[in-house]
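Participant: Input: one structure, supplied below.
Here, each number is a calculation from the coordinates, and none is a lab measurement. As the structure is a prediction and not an experimental result, all values here were calculated from the model. When we count neighbours, we look across all protein chains shown, and the Cβ atoms used for this are built from the backbone with ideal geometry, even at glycine.
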Amino acid sequence: MIELLHDYWRAYLFTDGYQATGLVITLWLLVVSIAFGFCLAIPLAVARVSSRRLIAAPVRLYTYVFCGTPLYVQLLFFYTGIYTLNVVQTTPLLSDFFRDGMNCTLLTFALNTCAYTTEIFAGAIKTSSPHEIEAARAYGMSQFTLYRRIILPSALRRALPAYSNEVILMLHATTIAFTATVPDILKIARDANAATYLTFQAFSLAAFLYLCISFALVWLFRRAERRWLAYL
């Protein structure tokens, strides 16, 4: 273990030469995908519960596809599949984007977590108190104001426990990023194992780092739940 830490601790945590690796890349994948997924999921969740089929049906199809297929297959599709299309290869902007493993990984993770988050938020919106909605409409609120001031704040608070599970699962899902040659924690562990043959030590250190991140996320979400779910 001492030999492994001496040679690879910097790559596990920060950087390998001039390239960010390990813990930094894993956190970057998690934060960016969760941020984009969260922002996209709110309007999609509103569309998901819409009574208009033309609005709800495309969102339902999107969540069905991304929740019904493995994340690993989705990553392979975006990383190796789309780039084989002629339209992508002949378009400089698309070619540059899909040729980069980090871009493909972030796109895949963001779309995947957005699909699950959309379903979580849509379920919370559907369980909104009808009495609160009736009171808001009696007060004269428009549909936009109703969602902005009544439905969404309440639904997002109630969805917090389920959403915390999605964030933890997304952290665990980042372990497949090495498929797209992204130097996350697991890829560094695999490289360290290949170079030193210290299999137990290499993957134990990776597991310890993932465990620390998970505990930190659980602690943050528990504090958020105590604050925002105290009177629900």
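Participant: How large is the charge dipole for the chain, taken about the Cα centre, if only the Cβ atoms of Lys, Arg (+1) and Asp, Glu (-1) carry charge, to the nearest 20 debye?
Facilitator: Numbers: 18 positive and 12 negative charges, 229 e Å.
Approximately 1100 debye in magnitude.
Participant: Compute the angle between helix 185-196 and the longest alpha-carbon principal axis of the chain, please, reported from 0 to 90 degrees and rounded to the nearest 10.
Facilitator: Taking Cα atoms only, the helix is inclined about 10 degrees.
Participant: Among 180, 55, 32, which residue has its Cα furthest toward the positive end of the charge dipole of the chain, with +1 on Lys/Arg Cβ and -1 on Asp/Glu Cβ?
Facilitator: Result: 55, furthest along the dipole toward the positive end.
Participant: Roughly speaking, what is the centre-to-centre gap between segment 174-219 and segment 73-105 when only Cα atoms are used, to the nearest Å?
Facilitator: 26 Å
Participant: Report the one residue of 109, 156, 98 whose Cα lies farthest in the direction of the positive end of the charge dipole of the chain (charges on C-beta: Lys and Arg +1, Asp and Glu -1; origin at the Cα centre).
Facilitator: 156
Participant: Continuing with this model, one more query. Please say if the chain is rounded, prolate or oblate, where rounded means a/c under 1.5 for a ≥ b ≥ c the square roots of the C-alpha gyration tensor eigenvalues, and otherwise the choice is prolate for a/b larger than b/c and oblate otherwise? Spell out each step's value before the answer.
Facilitator: Working: a/c = 3.11, a/b = 1.59, b/c = 1.95.
Because a/c hits 1.5 or more and a/b fails to exceed b/c, the chain counts as oblate.
Participant: Here is a follow-up. Take the alpha carbon gyration tensor of segment 17-107, find the square roots of its eigenvalues, order them as a ≥ b ≥ c, and report rounded if a/c is under 1.5; if not, report prolate when a/b exceeds b/c, else oblate. The partial results should precede the final answer.
Facilitator: Working: a/c = 2.34, a/b = 1.44, b/c = 1.62.
Oblate.
Participant: If you don't mind, there's one more thing I want to ask. How tilted is helix 23-48 with respect to the longest principal axis of the chain? Cα atoms for both, answer in degrees (0 to 90, nearest 10).
Facilitator: Here the helix axis deviates by roughly 20 degrees.
Participant: Could you work out the helix-only [θ] at 222 nm for the chain, with each DSSP H run of four or more residues adding -39,500 (n - 2.57) and the total divided by the number of residues, to the nearest 500 deg cm²/dmol? Don't jump to the answer; show the numbers that get you there.
Facilitator: Values: 13 runs with 173 residues, N = 232.
So the helix-based figure for the chain works out to -24000 deg cm²/dmol.
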